[in-house]
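The structure appears below as structure tokens.
Since every read-out is calculated from the coordinates, none of them should be taken as a lab result. Computed from a predicted structure; not experimentally measured. For neighbour counting, all protein chains shown are included, and Cβ atoms are generated from backbone atoms with ideal geometry for every residue, glycine included.
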Amino acid sequence: MTDLEQELRAAGLMDTHYHVGPELFPRRYDVLGLAEAARQVNMTLVLKNHTYPTSPLAALARQHYGARLLGGVVLNRFVGGMNPDAVIGAVSGNHSQVGDPSLPEPPVMVWMPTVHAVSHLRTLGQAFDSRWWGCGAAPPAAALDETPVVVFDEDLKPAPGLEAVLDAIAQSGARLATGHLRAEEIMRLVPMALERGVAGVVLTHPHYPSVQLSDVQLKQLTRDSRVFIEHCFAIHTIEEVPLEEFAKSIRFTGPDQVILSTDFGQVHSDPTPDGSIRFGMLMKQLLGDTYAMPDLLQMMSHNGRRVMALQ
């Protein structure tokens, strides 16, 4: 084990974007398998699923398996899209003590639409990317309704329900992630969310094809200390965006509000924590002498904890 790997493990890795099954297609882990992997290395992960809330799964893992797993919900069609009740429902399931829901729990993550975002469907032409299944795998046989979830209209006017969703996020103490919205929508969304009292915002994989936030836009959005940039390893391993683009972005914005996550959980992705370790080692090579080890640990551990209000 290298010194770098030892330091990353000792810091307590934090991954704010990890897919867990079961889902409409195979995933590497269910919640118990991931809980065991995370517990062995004192790793914290935010569980994502495109189709249903993960908050009850995470709460179960925290209570009965001693794993540092956090939950969330993605506002796709499966939960009603721009539906504030989906936020409230996800938060209601975020309790490790079923007999006393008043006890404090870590916040949940609420993602804007992913597979049902207008920009995602326009870019990919379908909701689910066959590359997520693994090499050469086919999408599900069942036809899915791929009507988009509209967050903003073409003139960037908020869709009905958006303001209520943001209020539900703010009032429940949840965090907002921008999902697969396009850059122009995100530039409109983030100020709205902050004005309505959302405590933390994660800019989801800005180099994803349907997102395409520029470094200038990232720097503008992170002028507010509540906003964090999330660079995901899968955008390199699946979408084939060069890691040099991540390094260039980090040099432009600085590391203080950057999170390095994996967006893993695919059957062909690295297991946990190997994917995070490999990502960290590659980024350290690319960043060279620009940033020291404390900066890397900040991006792979501390910043994710800051946005999720963890000690």
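Observations on the model:
- Amide H to amide H distances under 5 Å link Lys48 with Tyr18, His19, Val20, where only residues 5 or more positions off or on other chains count and H is placed in the peptide plane.
- Relative contact order (percent, whole number), the range 182-246, Cα cutoff 8 Å, 6+ residue spacing: 35
- Here the Karplus relation 6.51 cos²θ - 1.76 cosθ + 1.60, evaluated at θ = phi - 60°, turns the backbone of the range 203-216 into coupling constants of 7, 5, 4, x, 8, 4, x, 8, 9, 6, 6, 7, 4, 4 Hz, with x for every Gly and Pro.
- For the chain, DSSP calls about 5 percent of its internal beta bridges antiparallel.
- Net charge of neighbours whose Cβ lies under 11 Å from the Cβ of Ser210, counting Lys and Arg as +1 and Asp and Glu as -1: -1
- Residue among Gln126, Gln285, Gln266 with the largest mean-square fluctuation in a Gaussian network model of the chain, springs linking Cα atoms under 10 Å: Gln285
- Förster radius 30 Å - calculated FRET efficiency between Ser102 and Asp224, Cβ distance, rounded to 0.05: 0.45
- Derived scalar couplings ³J(HN,Hα) [the range 263-273; Karplus, 6.51 cos²θ - 1.76 cosθ + 1.60; whole Hz; x for Gly, Pro]: 6, 8, x, 5, 5, 9, 7, 4, x, 8, x
- Once backbone amide H atoms are built at 1.01 Å from N, His205 has Glu230, Cys232 as its partners under 5 Å, excluding neighbours fewer than 5 places away on the same chain.
- Within a Gaussian network of the chain (alpha carbon springs, distance under 10 Å), most fluctuating of Gly179, Gly81, Gly254: Gly254
- Mean separation of Cα contacts under 8 Å (6+ apart) over length of the chain, as relative contact order %: 19
- Total formal charge among the other residues, if their Cβ is under 13 angstrom from that of Ala193, Lys/Arg +1 and Asp/Glu -1: -1
- Positive contributions from Lys and Arg (+1) and negative ones from Asp and Glu (-1), summed over other residues with Cβ under 13 Å from the Cβ of Asp155, come out at -2.
- Hydrodynamic radius by Kirkwood, which averages 1/r over all alpha carbon pairs of the range 3-307, in angstrom: 19.2
- With the simple model of a label 7 Å out from the Cα in the direction of the Cβ, Arg196 to Gln171 spans 1.1 nm.
- Likely footprinting exposure, Glu146, Glu240, fewest C-beta neighbours within 10 Å first: Glu240, Glu146
- Within the chain, helix-based [θ] at 222 nm, where runs of 4 or more DSSP H residues each add -39,500 (n - 2.57), nearest 500: -10500 deg cm²/dmol
- Were the residues from Gln311 through Leu4 laid out at 0.36 nm apart, the gain over their Cα-Cα distance would be 108.2 nm.
- Ranked by the mean number of other Cβ atoms within 10 Å of their residues, highest first, the peptides 39-47, 65-73 come out as 65-73, 39-47.
- Residue with peak Gaussian network fluctuation, the chain [Cα springs, cutoff 10 Å], from Ala183, Ala168, Ala292: Ala292
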